[in-house]
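Here is the structure we will look at, set down as structure tokens.
The values are calculated or read from the model by the stated rules, or taken from the named source; none is laboratory data. Given the structure is predicted, the values throughout are model-derived calculations rather than measurements. Note that each Cβ is placed from the backbone with ideal geometry, even for glycine, and that neighbours are counted across all protein chains shown. Heads up: the accessible areas ignore ligands, DNA and RNA and are worked out on the full protein's heavy atoms, side chains in. Shrake-Rupley method; radii C 1.70, N 1.55, O 1.52, S 1.80 Å.
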Amino acid sequence: DTEGEGLRLREDPSLNGEVVYLGLEGEIFLVSGGPQENNGYLWWQLVAPLNEAKTGWAVSNYLEPAQGP
């Protein structure tokens, strides 16, 4: 729940990392790396399953597991 702002995927697992993609509420990503702790947060590297160009690091506070088929 990002309160409509979208999920910021950053180039690096840091609040100072450049935002490289803004995910939509409910958008599904696969975990490709992490976890890493930085800036007091736990970060996971994510990638969109149908577009590997949509990849970056996100804070775990805004993530939840998706239900499988």
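In table form, for the structure just shown:
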| item | result |
| --- | --- |
| Over the chain, relative contact order from alpha-carbon pairs under 8 Å, at least 6 apart, % | 30 |
| Read-out Cα extents along the principal axes in Å, derived from the coordinates shown; its label in (i) 34, 24, 20; (ii) 32, 28, 24; (iii) 31, 21, 17 | (i) |
| The chain, accessible surface, carbon-and-sulfur percent (1.4 angstrom probe) | 47 |
| Cβ-based charge dipole, the chain, positive-most Cα from Tyr62, Trp43, Gly6 | Trp43 |
| Loop sites in the range 10-54: GluC sites (Glu not before Pro), DSSP, at most 11 other Cβ within 10 Å | Glu18 |
| Difference of contour (0.36 nm per residue) and Cα-Cα distance, Leu22 to Leu42 | 5.4 nm |
| Added length on full extension, which subtracts the Cα-Cα distance from 0.36 nm per residue, Val31 to Leu63 | 10.5 nm |
